[in-house]
1. If each of ASN350 and LYS118 carries a label point 7 Å out from its Cα toward its Cβ, how far apart are those two points in nm?
2. Tally up the carbon and sulfur contribution to the accessible surface of region 105-197 as a whole percent, 1.4 Å probe, everything protein left in place.
3. If you find the alpha carbon centre of region 126-171 and of region 378-396, how far apart are they in angstrom?
4. Go through 314-323, 386-395 and give me the packing order, highest mean Cβ count within 10 Å leading.
5. Please work out the FRET efficiency for the pair TYR386 and GLN8, using the Cβ-Cβ distance as r and a Förster radius of 60 Å; give the result to the nearest 0.05.
6. Let's see if you can work this out: charge +1 on each Lys and Arg Cβ, -1 on each Asp and Glu Cβ, no other charges. What is the dipole magnitude of region 105-197 about its Cα centre, in debye to the nearest 20?
7. Describe numerically, in nm with one decimal, the distance between label points set 7 Å from Cα along Cα→Cβ at ARG42 and at ASP343.
8. Tell me whether region 138-190 comes out rounded, prolate or oblate; compute the Cα gyration tensor, take square roots of the eigenvalues as a ≥ b ≥ c, and use a/c under 1.5 as the rounded threshold.
Amino acid sequence: QAFSLFVQGKEVPAAARCPGGAEGARWRCCRQAFEELPGIHRHVALHHGAELGRQPGRDPWPRWTSWCKPGCHWPFCSCSPSLTCSASNTLFLFVHLYHAMGSKVGEVLLYYCYCEVKDPEILCAWQKALCQHLHLTGKIRIASEGINGTVGGSKIATSLYIEAMLSQPLFKNILCQEDFKSSAGGAHCFPDLRVGVFKEIVPMGIDPKIVSYKETGIHLSPQEFHREVEQYLSQVSQGQSDTILLDCRNFYESKIGQFQGCLAPDIRKFSYFPSYVDENLELFKDKRVLMYCTGGIRCERGSAYLRSKAVCREVYQLKGGIHKYLEEFPDGFYRGKLFVFDDRYAICSNEDIISACRYCGALWDQYKLCSSQHCRQLVLTCPGCYSKGLTACCPVCQEKELKGETLKEECECTRRRPRVPIERISQRRLDTGK
């Protein structure tokens, strides 16, 4: 209402407009003339947002979803089944209004949705426009099997993003508010915005038509998963268990944080996971498997692949991943930090440090990129060692940096690690779940 009244106050009386039937300037503000409504709207939102925001008694959360009108053309709306439809001018205004108010409190969202997408390119274009107008950064993968995204921005922008996603007919009755995992952060957590169309929304390297998300394991809520892990650890302490607690993430993720008593494969990419299962089928024979990952998406098709081998008794997975578990049990059975795929590298829920400095062995769990040119591996080097110039992922890479060599990822870290490790576990250790 305050916004509307302000704009009305800038309207030029009809008698004062240009003669001869021409519309001329319909609004004037700050010595500028505006002929179209979107023009004056943008101007007020960008230059007068602060003074409007200070007016008392105004609801800061307009119910914008009911304001869509035929012919609207901003990329936020879902007032028609078409993905190309966009939100009304009013929503655009308030987006700019709140950005003009300079909210510095931000967050990062993590989500995914498996569903049938008939035209991924249209969904991709809609996502790009939506994120750009909300000033969100991050990474979004779109495929015919669904969408997987992590975006960062102001809390107002991320809230509007969730509203737009939940209002989109494509995701209605599939996505819900609880599917969005949030953590403190913002647009600064990502270098830019990357939205693209891929064959898979999480790169496992297997055609989704061969191993489908529709064949996934049994989902367990954080509370159910917590009880299962508690029972598993109790059985292990008594020397008997028919369960494997399986970490589906990469080695550098589980290195800084994991569930107690888990099996964490020493693999570098999720695309190696199917080969890991193939090479270690005996490990899973007749076992109950409890799987988990960061946000739940890797378990969807990871569990489907494991089930396709028909060797396990049962396959379960943590719904919402570690993210949701830590919301319910910050001091539960997960110890250490949670690795995230943005410039933060990790978020913390407890004070435990389970990893060590690469060089001196002191407790340390804050990653940095290897300083050797073109090497994209992560290194744990404590402040003391870092100040001594020990900034590479291994001594080989450190030497290459000093010599100015640039061979990509050819170092001690990759040479000593098999692409797909084979677990050398005795039958006795399998029986005790260790």
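1. 4.8
2. Exposed carbon and sulfur together represent 51 percent of the surface.
3. Answer, in whole Å: 37.
4. 314-323, 386-395
5. Approximately 0.50, to the nearest 0.05.
6. In debye, rounded to 20, region 105-197 gives about 160.
7. 2.7
8. Oblate is the answer for region 138-190, as a/c is 1.5 or above yet b/c matches or exceeds a/b.
The values are calculated or read from the model by the stated rules, or taken from the named source; none is laboratory data. Note that the coordinates shown come from a computational prediction; the quantities given were computed from them, not determined experimentally. Because the Cβ atoms are built from the backbone with ideal geometry, glycine has one as well, and the counts that use them run over all protein chains shown. Heads up: the accessible areas ignore ligands, DNA and RNA and are worked out on the full protein's heavy atoms, side chains in. Shrake-Rupley method; radii C 1.70, N 1.55, O 1.52, S 1.80 Å.
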